1. Run residue 171 past the list (1) within 14 Å of the chain's Cα centre (by Cα); (2) over 16 Å from residue 127 (Cα atoms) and report the number of the one that doesn't hold.
2. Could you identify the single residue in 61, 120, 113, 39 that is farther than 16 Å from residue 201 by Cα and modelled with pLDDT of 90 or more?
3. Just to confirm my filter: which helices (runs of 4 or more DSSP H) fall fully inside segment 160-244 and include at least 3 residues that are at pLDDT 60 or above and either buried (at least 22 other Cβ atoms within 10 Å of the Cβ) or out of contact with any helix residue (DSSP H, G or I) (no Cβ under 6 Å at 6 or more places or on another chain) (or both)?
């Protein structure tokens, strides 16, 4: 009995199948993975432990000195840090916006915050859209239904989700990219809806600055119109989605 010729068998064996689609999908997902990993690294580093209202109030004097000495660099740094925080989806962006209102006032903080919001959201949206576009698997049935429901009224759903997001901004950005929201619609909804929230939060920060300027923080100083009015607007905006949903449920019922 002749021994098998392994060289012949190796030559005649079918070549190892490579999956270029899988490699392409991983390359497409790399920008999104890097943004997520960067956000996780920032959270794990503990630097967000200093990102709260107490540190903001206690360090107000130092922050103001820096803004006075380096006005352009301070505004550029605020815009860049806020954009990076939004792009990576890290929590605590509201404190950054409050800091902007505290240091730069409502108008400037709203402008710089709006630029950062659009830039950071667009970076995350582009990375997410690029990752999802390379996918080759068929989505599950519930995902197909969600997309069909979205595509019937994309403008209404996009603005509703962007104006008063019911989930964190980063998650909503990724969801809109997955749903297939067109870039132009995404930018418009992000700018309009996000700027409203940024302006309200900046006004709260500016009201906090006005309150701190009156001396020690007490119940009387907190009863400041510049602080209470934007807070009331913020609560009103947050109450709109459940109120609209309840009204729609009553009409259907």
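The values are calculated or read from the model by the stated rules, or taken from the named source; none is laboratory data. Remember, predicted model here, so these are calculated numbers, not experimental data. Cβ: placed from backbone, ideal geometry, glycine included. Neighbour counts: every protein chain shown.
1. (2)
2. None of the others qualify; the one that does is 120.
3. In segment 160-244, the matching helices (runs of 4 or more DSSP H) lie at 169-179, 183-212.
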